[in-house]
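The values are calculated or read from the model by the stated rules, or taken from the named source; none is laboratory data. Here the structure is a predicted model, which is why all the values come from computation and not from measurement. Using ideal geometry, Cβ is built from the backbone for each residue, glycine included, and neighbour counts are taken over all protein chains shown. Remember, those area values only see protein heavy atoms, side chains included, never the ligands or the DNA or RNA. Shrake-Rupley method; radii C 1.70, N 1.55, O 1.52, S 1.80 Å.
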Amino acid sequence: MKKVRWGILGAARVNERLLPAIANSPFGELAAIGSRRVNAAAECLEKYQPSLLGKVQTFNSLDEVINHPDIDAIYIPLSNEEHTKPALQAINHKKHVLIEKPIALHSKEVELIQEAAHQNHVKVMEGFMYVFHPQFNCIKEIISSGLLGDVQYVHSMFSFPIQPARFYRIDRSIENGGGALWDIGPYAIHTIRQCFNQNPLSVVATSHLNEHGADLTTSGMINFGLNRRAQFDISFECVRRSQFEIFGEKGKLMCHTVWQHENDEAQLTITTDKDGSKNEHIEKANHFTLEIDHFNQCIINNTAPKLSLDDALWNTKVLEAAQASIRTKAWINF
């Protein structure tokens, strides 16, 4: 295989970033877009990659993309609760699949995806683009170097004031995929989990719910055992934040902006008792482009994706537990 031929399911807003990354990758090409809304796929292409009009097929259904014989990989940016069925369809049609976070709302669904991917010998990955930015590699290197000592506490904060045009994100309950927990919560949980070498033991969370049962704000704690713990705060009611702090016995690290724009230099602040505070400047990069290039190369070279389905399974388990804790007002153990 010289290039991976891609199909996209849905005309979601995230296509503003992912569609050009797919279309312009040296290792792949965009072949088709499908949406259940009439003409939405064509309008999406015209808006985000007009140079490909007439070259990329557009459909008024998802099945036509999934069943397309010339497509190798599928990108799924549908609503949070709609990922599992088309993912399984695509996998069973021998397509590789990149699924926008969250991969699913239930860990049992992730297990079905995992089993299908194994049986059909295809690559499947959850779409956390931030881990492909060189900033993330730098963070992992700092942790593994021992500069901070053993990581004991992490605090992640993700928020932005939701605007009326985005109210579709909060028009249904948490159980049905609405609210901050399933929208920006996957990032908060994932960044925390990347800082520890073990899976969590228990989770507790509390929320401010709207009239639909969607959480506008959720805060919680995760217990990793041996006094290793984390807090997360996600909100559609608070000023924009996408940052986290890591604390060890010797020092701390602040990641000021997790979702770094490709035109902005990233910056980390490292503070230790020995050396005080210093800033680490990270080169500019487009994490969406790097994510797509990585997944393309995994398909072409038959190598494992950077993010495994075991990682996706545990992220879903923690989100499930947070949701259960909101309902029961109790700690949820794994």
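Here are the numbers:
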{"quantity": "Subset of the range 14-69 [open to solvent by less than 20 Å² (accessible area, probe 1.4 Å) and among the polar types (S, T, N, Q)]", "calculated": "Asn15, Ser25, Ser35"}
{"quantity": "Breaking point among (1) of a type outside the set (Ser, Thr, Tyr); (2) crowded, with 18+ Cβ neighbours inside 10 Å; (3) under 19 Å from Phe295 (Cα atoms), for Asn120", "calculated": "(2)"}
{"quantity": "Residue list for the range 126-148, filter: open to solvent by 20 Å² or more (accessible area, probe 1.4 Å) and outside any helix (DSSP H, G or I)", "calculated": "Gly146, Leu147"}
{"quantity": "Complete set of residues in the range 120-145 that are touching a residue at least 40 places away in the same chain (Cβ under 8 Å), β-branched (Val, Ile, Thr) and over 22 Å from Asp183 (Cβ atoms)", "calculated": "Ile139, Ile142, Ile143"}
{"quantity": "Per-region count, the range 169-187, residues open to solvent by less than 10 Å² (accessible area, probe 1.4 Å) and touching a Leu at 6+ places or on another chain (Cβ under 9 Å)", "calculated": "8"}
{"quantity": "Scan of the range 262-289 for residues that are buried (at least 19 other Cβ atoms within 10 Å of the Cβ) and more than 25 Å from Leu148 (Cβ to Cβ), ordered by number", "calculated": "Asn286, Phe288, Thr289"}
{"quantity": "Whichever residue in the range 1-58 is of a type in the set (Ser, Thr, Tyr) and closer than 18 Å to Ile71 by Cβ and, among such residues, is farthest from the chain's Cα centre (by Cα)", "calculated": "Thr58"}
{"quantity": "Single residue of the range 290-309 satisfying the filter (more than 29 Å from Gln267 (Cβ to Cβ) and of a type in the set (A, V, I, L, M)) that is most open to solvent (accessible area, probe 1.4 Å)", "calculated": "Ala304"}
{"quantity": "Number of the exception - Val204 against (1) open to solvent by 10 Å² or more (accessible area, probe 1.4 Å); (2) out of contact with any Gly (no Cβ under 7 Å at 6 or more places or on another chain)", "calculated": "(2)"}
{"quantity": "Selected residue (only one of Ala312, Ala330, Ala322 is closer than 27 Å to Ser173 by Cβ, among the small types (Gly, Ala, Ser) and open to solvent by 30 Å² or more (accessible area, probe 1.4 Å))", "calculated": "Ala330"}
{"quantity": "Leading residue by the ranking (nearest to Arg169 (Cα to Cα)) among those in the range 62-99 that are charged (D, E, K, R) and out of contact with any helix residue (DSSP H, G or I) (no Cβ under 8 Å at 6 or more places or on another chain)", "calculated": "Glu82"}
{"quantity": "Output for the range 149-192, where each listed residue is part of a loop (DSSP other than H, G, I, E, B), among the hydrophobic types (A, V, I, L, M, F, W, C) and more than 18 Å from Leu78 (Cβ to Cβ)", "calculated": "Phe160, Ile162"}
{"quantity": "Residue among Thr328, Thr303, Thr316 that alone is under 15 Å from Val124 (Cβ atoms), among the β-branched types (Val, Ile, Thr) and without any contact (Cβ under 8 Å) to a residue 40 or more places away in the chain", "calculated": "Thr303"}
